[in-house]
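**Q** One structure coming up, written as structure tokens, with questions to follow.
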Amino acid sequence: MKIRPHRYEARLRWTGAATGPARDYAAYSREYVLEIAGKPALSGSADPHFRGDASLHNPEDLLVGSLAACHLLSYLAVCTRAGITVVAYDDDARGEMTLVEGEIRFREVVLAPQVVVAAGDDPELALQLHERAHAECFIANSVNFPVRHEAIVRVGAPA
């Protein structure tokens with residue numbers, strides 16, 4: 001199967017420059033705006049541990065969120081192809097960054113999807129499909145740390 005490349009573009013602008021130049025590590029603003037054509041801008045900063053603004057998104061938040069969103073979308077795709085009807089999906093994803101081989105990096109991300117499938121669907125199959133979704137997740141396939149999932153599947157009302 002031939003796959004054509006998918007290209008993504010983003011513009012990042014350091015808005016912290018408005019408060020002054022970056023001269024002193026302790027004093028400069030870490031705020032930025034991420035702009036993607038045709039979509040709302042996203043304001044961000046560094047994590048508070050790195051002197052950022054806790055009220056803004058940071059790259060670490062966005063990475064964990066991207067992994068959770070990619071798994072959701074992959075899971076919905078594999079479920080529909082397998083005849084499983086998903087009626088609800090929530091995930092409380094978490095990631096851990098620590099010192100690994102002398103560098104600060106992500107050690108792992110754990111996804112914790114809580115899924116409800118329609119009455120009459122096979123909850124065991126729905127649980128197993130998380131493995132296939134993981135294998136198909138483009139973002140999880142692109143990182144160099146483990147992405148685990150601790151999924152729970154319940155059967156709910158018919159769709």
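What follows draws every value from the coordinates through simple rules; no lab data is involved. The structure displayed is predicted, hence computed values, not measured ones. Here the Cβ positions follow ideal geometry from the backbone for every residue, glycine too, while neighbour counts run over all protein chains shown.
**Q** In the range 75-104, what residues are in contact with a Ser or Thr (Cβ under 8 Å, 6 or more places away or on another chain) and within 17 Å of Asp61 (Cβ to Cβ)?
**A** Ile104
**Q** Then there's this: Looking at the range 26-55 only, could you name the residues that are loosely packed, with under 10 Cβ neighbours inside 10 Å and under 23 Å from Phe106 (Cα atoms)?
**A** Across the range 26-55, the qualifying residue is only Ser55.
**Q** Let me ask you something else. Which one of the conditions (1) in contact with a helix residue (DSSP H, G or I) (Cβ under 8 Å, 6 or more places away or on another chain); (2) in a loop (DSSP other than H, G, I, E, B) does Ala77 fail to meet, given that it meets all the rest?
**A** Evaluating Ala77 over (1) in contact with a helix residue (DSSP H, G or I) (Cβ under 8 Å, 6 or more places away or on another chain); (2) in a loop (DSSP other than H, G, I, E, B) leaves (2) as the failure.
**Q** When you scan the range 69-92, how many residues do you find that are within 10 Å of Cys137 (Cβ to Cβ) and touching a strand residue (DSSP E or B) at 6+ places or on another chain (Cβ under 8 Å)?
**A** Residues in the range 69-92 being within 10 Å of Cys137 (Cβ to Cβ) and touching a strand residue (DSSP E or B) at 6+ places or on another chain (Cβ under 8 Å): 3 in total.
**Q** Are any residues in the range 23-72 polar (S, T, N, Q), out of contact with any helix residue (DSSP H, G or I) (no Cβ under 9 Å at 6 or more places or on another chain) and without any contact (Cβ under 8 Å) to a residue 24 or more places away in the chain, and if so, which ones?
**A** Hit for the range 23-72 is Ser55, nothing else.
**Q** Let me ask something else. Say whether the condition of being in a loop (DSSP other than H, G, I, E, B), among the hydrophobic types (A, V, I, L, M, F, W, C) and either buried (at least 16 other Cβ atoms within 10 Å of the Cβ) or in contact with a Leu (Cβ under 7 Å, 6 or more places away or on another chain) (or both) is met by at least one residue in the range 57-68.
**A** no
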